[in-house]
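Below is one structure; the comments refer to it alone.
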Amino acid sequence: VGIRRHHEPADPAVGPRPHHSDIGDVAVIGDGDGVIGRRNAFNLDGKTLTFTPGSGGYQVKASADSFDLALAQAGTKLAGLDDDDTRQFNLQFTLLFQGKQYTSLWINSNGTLTFGAGDLNYTGSYGHFLAGPPVIAAAFADLDPSQSTDGVRVFSDKSKLVVTWLNVPLAGSFGF
């Protein structure tokens, strides 16, 4: 099957277009930083995210090399949390998130916290965030806590909630 394109000049406001060419009946399309997804350099390994309420929302601070293993291990392991599973958790304080107050949240095996309902499905699509309940996506991966001896741990008191997916492998992985 041959594919023919109309070649348009590059728009100087947008910048140069990636190189495209036809080789026989095959269209060769240059990447141009949009066709092929790149690995996101954002990595939470060994870091702590702190959400601090402020005017109109939250300030988020990522602290490098601040992961508190002792605090994570002091948390209670959510027993029996399986692949594609969720647990409701009652908070010891009221949390304001996206303009609503919550006294509980859902801890989901796939690395997310949701409000109002649990979330069992991992779609891998960011559009999922628009269709599902309000979410904090700490890991957002297809994780399987049942394959980890550490699992998902929760530490909570009257001033903080710490949820840790500790050594939880991807679903379908055997070992980590």
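General remarks:
- Rolling a 1.4 Å probe over the protein heavy atoms leaves LYS100 with an accessible area of roughly 120 Å².
- Solvent exposure of the stretch 92-176 as accessible area per residue, Å², 1.4 Å probe: 52 Å²
- Computed over the stretch 107-163, the quotient of the alpha carbon radius of gyration and 2.2 N^0.38 Å is 1.18.
- Portion, in percent, of the accessible area of the stretch 88-170 that falls on carbon or sulfur, probe 1.4 Å: 51 percent
The values are calculated or read from the model by the stated rules, or taken from the named source; none is laboratory data. Small disclaimer: the values here were computed from a predicted structure and weren't measured. The area values use the complete protein model at the heavy-atom level, side chains included, leaving out ligands, DNA and RNA. Shrake-Rupley method; radii C 1.70, N 1.55, O 1.52, S 1.80 Å.
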